[in-house]
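**Student:** Encoded as structure tokens, here's the structure I'll be asking about.
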Amino acid sequence: MHGSRRVVIFCLLTTVLPSILILSSLYLRNSRYADVMYKVSDSDVIQIHKGQSSIFCAEHSITMNTTFNAFQMSGKPQLSKNRRHISLRKSMLLPDDTLEYWGFYLFAGATVELKACSRYEGSKILVVKGDKILDTCGILEGDKYKNDPLKIKKHGHVSVTLETPSHINETQKAASAKLRNLYKKEMIDKVKEKTSENFDRIKRDTLNPSLHNPNTVLDTGVNHGGNAINKSADLDDMSVSSFENSLHECYQDNILMNDYFPFSIHCNNTKYLEVTTTLKVVHDVTHDGYYYYIFYSDNDFVVNDIHAIFDIYKPIFHYSNMSDSKVCLNKTMCTFNVEMFSDELVIVEIPTLDGLKNDDEASILVSVCHPRMSIYIFFPVSVLLFILLFAFL
């Protein structure tokens, strides 16, 4: 090569190509395989792909502010015959024509036992099978549907036992009516307080936009939502609402059950359910899927006080024939060696502490790829070699 062509080739090989190599290494280290943060909750089981590579990562470490279990393995674990018990205690304030739901991903073989009560009449429970994100058909936004009531189809997935406590009688019903006006103001204040707390929590959650969704979710915790915390009660509205018909229109054949449950003026907290059975729902799961327990109230006079206890028995994953170096139990930090060209990934399991899931609590899990220096050293060394090699052209 002679003249201008030689100068152009020399510049390309000694400046442009080395620059590409240097920028590539910086991109891989600081972007493609940078630290990844996940928001996880009790009973989540996730498999981590993002930010990991068997070529560019020599080690994979995981840290979290609470304890977890982690396993390094190829493929996905299998379900075992053993089950774990998750107990949830929920208390809700529901104005008329509002709902609050609790959703779970349940494997076939799981069982859900639900006990619930309300302080005043008009509370109902709707159990539906849905998707990962519950489709509410615009109901939470206030959209209206046609008022034609649909026939509810009940499937064989749920058995319901209703037992009315002996102490609920006409005298207590009359007393319940007398307390409505007093309770009305009390409940409105509680709704406003709960709305303020949830607004502050949502505001805090939006301050950290760098959280990522897990790549592969093998099992999930609790999904919670509704419009009870966003809608104040209009206690003077005596008109007939199409709210329930809208729910039937939305879920149709996916409805597993829809029933009133008995009320009692003594239903003030979940402790009442420990000694008295007002409603018991037993759900034996026959197909994997997302199941949602929707609570709503049809009472124009009061904000209803509803309490529920979930006892969930879920099949657990089975991890067998694994060496100690690939298992990390009950730790806040774990580190795994990553073999070159290995297809092994890390599965993180968030245990349910003491069998109790606290409301809306979540932890931040940080996944770190420790660079494989033997690979990254290639980039600066190759730059020097290119400069030396093509300097004599």
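The values are calculated or read from the model by the stated rules, or taken from the named source; none is laboratory data. Not measured: the values here are computed from a predicted model. Neighbour counts run over all protein chains shown; Cβ positions are idealised from the backbone, glycine included.
**Student:** Quickly run through segment 80-97 and pick out the residues that are among the hydrophobic types (A, V, I, L, M, F, W, C) and either under 18 Å from the mean Cα position of the chain (by Cα) or more than 15 Å from Ile125 (Cβ to Cβ) (or both).
**Tutor:** Within segment 80-97, Ile86, Leu88, Leu93 qualify.
**Student:** Here's a check for you: in segment 302-345, which residue that is part of a loop (DSSP other than H, G, I, E, B) and among the charged types (D, E, K, R) is nearest to Ser91 (Cα to Cα)?
**Tutor:** Glu344
**Student:** Next question. Do the conditions hold for Ser31, that is, is it at pLDDT 85 or above, assigned to a helix (DSSP H, G or I), closer than 30 Å to Ile387 by Cβ and not hydrophobic (A, V, I, L, M, F, W, C)?
**Tutor:** Yes; evaluated as a whole, the condition is true for this residue.
**Student:** Kindly list the number of the only condition in (1) within 30 Å of Ile86 (Cα to Cα); (2) at pLDDT below 90; (3) surrounded by 15 or more Cβ atoms within 10 Å (Cβ to Cβ) that fails for Phe390.
**Tutor:** That leaves (1) as the condition not met.
**Student:** Still on this structure, please answer the following. Filter segment 105-136 down to the residues that are buried (at least 22 other Cβ atoms within 10 Å of the Cβ) and among the hydroxyl-bearing types (Ser, Thr, Tyr), then identify the one that is nearest to Glu244 (Cα to Cα).
**Tutor:** Ranking the qualifying residues of segment 105-136, first place goes to Ser123.
**Student:** Still on this structure, I have one more. Output the number of the condition that Asn299 fails; it satisfies all remaining conditions of (1) part of a loop (DSSP other than H, G, I, E, B); (2) surrounded by fewer than 17 Cβ atoms within 10 Å (Cβ to Cβ); (3) touching a strand residue (DSSP E or B) at 6+ places or on another chain (Cβ under 8 Å).
**Tutor:** With (1) part of a loop (DSSP other than H, G, I, E, B); (2) surrounded by fewer than 17 Cβ atoms within 10 Å (Cβ to Cβ); (3) touching a strand residue (DSSP E or B) at 6+ places or on another chain (Cβ under 8 Å) applied to Asn299, the lone miss is (2).
**Student:** All but one of (1) more than 16 Å from the chain's Cα centre (by Cα); (2) among the basic types (Lys, Arg); (3) modelled with pLDDT under 85 hold for Lys326, so report the exception by its number.
**Tutor:** The number of the failed condition is (3).
**Student:** Suppose the filter is in contact with a Ser or Thr (Cβ under 9 Å, 6 or more places away or on another chain), crowded, with 19+ Cβ neighbours inside 10 Å and at pLDDT 85 or above; does Leu99 pass it?
**Tutor:** Spelling it out, Leu99 is indeed in contact with a Ser or Thr (Cβ under 9 Å, 6 or more places away or on another chain), crowded, with 19+ Cβ neighbours inside 10 Å and at pLDDT 85 or above.
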